[in-house]
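The values are calculated or read from the model by the stated rules, or taken from the named source; none is laboratory data. Please read these numbers as outputs of a predicted model, since none were measured by experiment. Please note: Cβ atoms are built from the backbone with ideal geometry, for glycine as well, and neighbour counts cover all protein chains shown.
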Amino acid sequence: MNRVSETELICQFMREYAVVTGLDPAAASPRRYLWTDAFAVCNYLGLFEQTGDAMFRELALRLIDQVHHTLGRHRKDDPRTGWISGLSPHEGELHPTAGGLRIGKALPERGIHEPYDEPKEWDRDGQYYHYLTKWMHALCRAASVTRRPAYITWAIELACTAHARFTYMPPSGDRKRMYWKMSIDLTRPLVASMGQHDPLDGLITYHELQNAAARDPKQVQPVLLREITDMDGISRTMPLPTGDPLGIGGLLFDASRIVRLMRQGDSFYPGLLEDIIRSALAGLESFSSSGYLGLPASHRLAFREFGLSIGLAGIDTIPEWIRQSPELFRKPDVLHNQVLALRDYLPLREMIEQFWLDERNRKSGTWTGHREINMVMLATSLAPEGFLGT
């Protein structure tokens with residue numbers, strides 16, 4: 001597929017997404033889902049930068065507003081009303097992320113006295129930390145493209161709220177931990193276990209927001225210092241290797257963000273970048289030899305594969321960045337060789353994209369059952385610049 005037809009397909013996916021979810025034309029009750037919407041915002045911003053068509057910037061900003069007014073407020077089937085932060089209508093407009101943002105699941109959250117049902121919990125609403133960090137990143141990208149500092153302010157307010165409610169000190173521990181899923185009002189955990197990569201994702205996202213805030217001439221002091229210290233401590237204890245393609249892609253995305261932030265003057269604890277890349281390499285070796293990509297569409301989940309292909313897109317420029325600024329890295333030669341080893345897996349990206357670009361595979365139930373997230377993340381994979389910020 002040539003670049004022109006690829007761009008046309010991406011535009012088609014993103015226009016379709018706007019229609020079917022009630023973004024454009026605007027629906028009275030739009031279907032908003034925080035993870036997918038975060039990628040969609042970045043896609044629209046990327047299309048604006050690529051084509052110069054202001055319609056895509058408008059869709060990105062309208063989507064941000066719609067997410068805040070849908071997922072920042074209580075569900076229509078909830079007896080509670082208004083902003084989930086509890087702020088007044090006026091204050092809520094000024095601080096739409098102050099109470100976090102709902103996931104956007106089909107079912108209401110589990111009641112306080114309702115027994116836990118693991119399969120059903122996947123379809124219940126609440127708040128996920130790793131969805132909130134994706135939204136922080138989307139707001140950061142919006143601030144970068146539009147030069148509107150309000151988006152960074154909202155991202156930082158979201159980071160402060162999420163960190164305060166998702167992290168906790170266990171009674172018998174000396175190091176904070178995190179909940180994986182919280183209630184809509186962030187008063188109780190719905191799933192108490194900790195996401196494997198949530199602390200790392202939080203650490204890097206906080207650095208990203210702090211770096212963006214530092215570029216604002218009105219910002220007089222560093223932000224998120226306590227939160228960064230907490231996440232630094234939690235993330236050091238977490239094993240990173242995974243065989244899940246979405247998780248591997250997340251590690252690759254984190255690696256590219258760390259290198260970019262280091263080139264902008266930021267710093268991370270020694271060995272973190274190398275540990276991430278080493279873990280991603282182990283995961284890629286396991287995944288590529290598993291035979292998974294040889295399975296039919298009916299046995300594959302496209303959006304998880306796109307997480308990997310998006311992550312792979314992010315590593316392409318790292319060797320050149322290391323070559324340009326070797327003094328920033330502890331062992332630049334070793335790191336450079338690690339990244340070159342990662343690039344051996346770049347063909348996986350094309351394999352994944354070409355498989356799902358085949359319309360026959362997009363007729364499978366695994367595609368149609370997750371159509372919106374699949375089409376948006378395929379668009380991200382084909383044109384990752386909006387999401388990656390490159």
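Looking at the structure I just gave you, is Ala212 out of contact with any helix residue (DSSP H, G or I) (no Cβ under 8 Å at 6 or more places or on another chain) and either aliphatic (A, V, I, L, M) or in a loop (DSSP other than H, G, I, E, B) (or both)? No; evaluated as a whole, the condition is false for this residue.
Condition test on Ser290, is it more than 30 Å from Gln12 (Cα to Cα) and outside any helix (DSSP H, G or I)?
On the way: more than 30 Å from Gln12 (Cα to Cα): yes; outside any helix (DSSP H, G or I): yes.
For Ser290, the condition - more than 30 Å from Gln12 (Cα to Cα) and outside any helix (DSSP H, G or I) - is met.
Looking at Asp254, Asp266, Asp216, just one residue is within 22 Å of Ala138 (Cα to Cα) and buried (at least 23 other Cβ atoms within 10 Å of the Cβ), and that residue is Asp254.
Any idea which of Arg371, Arg360, Arg343, Arg349 is exposed (fewer than 13 other Cβ atoms within 10 Å of the Cβ) and of a type in the set (Lys, Arg)?
Numbers: Arg371 fails: exposed (fewer than 13 other Cβ atoms within 10 Å of the Cβ); Arg343 fails: exposed (fewer than 13 other Cβ atoms within 10 Å of the Cβ); Arg349 fails: exposed (fewer than 13 other Cβ atoms within 10 Å of the Cβ).
The match here is Arg360.
Could you check, for the range 10-29, whether at least one of its residues is in contact with a Pro (Cβ under 8 Å, 6 or more places away or on another chain), at negative phi and exposed (fewer than 15 other Cβ atoms within 10 Å of the Cβ)?
Start the filter on the range 10-29 by keeping residues that are in contact with a Pro (Cβ under 8 Å, 6 or more places away or on another chain), which leaves 19, 21-23.
Next, from what is left, pick out any that are at negative phi: 19, 21, 23.
Adding the requirement that they be exposed (fewer than 15 other Cβ atoms within 10 Å of the Cβ) leaves 19.
Yes.
Taking (1) in contact with a strand residue (DSSP E or B) (Cβ under 8 Å, 6 or more places away or on another chain); (2) loosely packed, with under 13 Cβ neighbours inside 10 Å in turn, Asp77 satisfies each apart from (1). I'm checking my understanding of the structure. Among residues of the range 30-67 that are of a type in the set (D, E, K, R) and assigned to a helix (DSSP H, G or I), which one is surrounded by the most Cβ atoms within 10 Å (Cβ to Cβ)? Restricting to residues being of a type in the set (D, E, K, R) and assigned to a helix (DSSP H, G or I), the top hit is Asp37. Across the range 111-127, the qualifying residues are those that are surrounded by 10 or more Cβ atoms within 10 Å (Cβ to Cβ) and under 13 Å from Thr187 (Cα atoms), and the one among them that is farthest from the chain's Cα centre (by Cα) is Gly126. Checking the structure you have, find out if any residue of the range 174-190 is over 19 Å from the mean Cα position of the chain (by Cα), farther than 26 Å from Leu388 by Cβ and polar (S, T, N, Q). Yes.
When Arg148, Arg102, Arg110 are screened for being free of Cβ contacts under 8 Å to residues at least 40 places away in the same chain and either in a loop (DSSP other than H, G, I, E, B) or not assigned by TED's automatic domain parsing to the domain that holds Asp216 (or both), only Arg148 passes. When Ala164 is tested against the conditions (1) assigned to a loop (DSSP other than H, G, I, E, B); (2) exposed (fewer than 15 other Cβ atoms within 10 Å of the Cβ), the lone failure is (1). Any residue at all in the range 288-300 that is crowded, with 20+ Cβ neighbours inside 10 Å and of a type in the set (A, V, I, L, M, F, W, C)? No: zero hits. Can you tell me how many residues within the range 146-161 are touching an Asp or Glu at 6+ places or on another chain (Cβ under 8 Å) and buried (at least 21 other Cβ atoms within 10 Å of the Cβ)? Number satisfying all stated conditions: 2.
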